[in-house]
Amino acid sequence: MSIAGDALAAARIGAREGAGEHMAVEAATTFDELFRRRYEPMVRVAFLMVGSRAEAEDVVQDSFARVELRWNRLENPAGYLHRCVVNRSHDTLRRRRLEQRFGRLRRDETSELQADELGDALASLPPKRRAAVVLRYYAGLPEREIAEVLGVRPGTVKSMLHRALAQLREVIER
């Protein structure tokens, strides 16, 4: 099998092993490779944070644009991408709260109005706790990497996760 064939087979195996799991494979060597490997997992992370597929895709596209601009200066492009997705998700949530406060909330015709208990429970968490839960239990990142993404210490991540899980338990049991 050719080198390109080996890379394609490895990418297919990685995609089948669980899109949300943190894969310990070598770093992407090109922007296109990073985009191909991480686009869908990043959309899922952003979706769990913002609750809208369309907004999640916007967040991820903006994040990839930031990564591409800085590609030659980045030591860890995948880590920077995670950081951008979380920060842009926070920006989206902040903007949404402002729109709600001023009564100008956009109505998205494509949004589905279905009960989603886990999504509602996640939405009840503060943004940093929500990000910690999504990055830990969905993206499968270790606490050390979550700490880097959120700009906090690893002990703070543990505390955030503990409090977030307690709050989720409370919300779900109601």
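Conditions first: (1) closer than 21 Å to L118 by Cα; (2) at pLDDT below 80; (3) in a helix (DSSP H, G or I); (4) hydrophobic (A, V, I, L, M, F, W, C). V43 passes all but one, so which condition is the exception?
The number of the failed condition is (2).
Which ones in the stretch 45-65 are buried (at least 18 other Cβ atoms within 10 Å of the Cβ) and not hydroxyl-bearing (S, T, Y)?
Result: V45, A46, F47, L48, M49, V50, G51, E55, A56, V59, V60, F64.
I'd like the residue in the stretch 132-156 that is in contact with a Leu (Cβ under 7 Å, 6 or more places away or on another chain) and assigned to a helix (DSSP H, G or I) and, out of all such residues, is modelled with the lowest pLDDT.
Y138
What do you reckon, is R129 assigned by TED's automatic domain parsing to the domain that holds L93 and either at pLDDT 85 or above or of a type in the set (K, R) (or both)?
no
Looking only at residues that are touching a residue at least 12 places away in the same chain (Cβ under 8 Å) and of a type in the set (A, V, I, L, M, F, W, C) in the stretch 55-73, which one is nearest to F35 (Cα to Cα)?
F64
Could you list, in sequence order, all residues of the stretch 72-102 that are of a type in the set (D, E) and over 18 Å from the mean Cα position of the chain (by Cα)?
E75, E99
The values are calculated or read from the model by the stated rules, or taken from the named source; none is laboratory data. Computed from a predicted structure; not experimentally measured. Methodologically, a virtual Cβ is constructed for each residue, glycine included, from the backbone with ideal geometry; neighbour enumeration extends over all protein chains shown.
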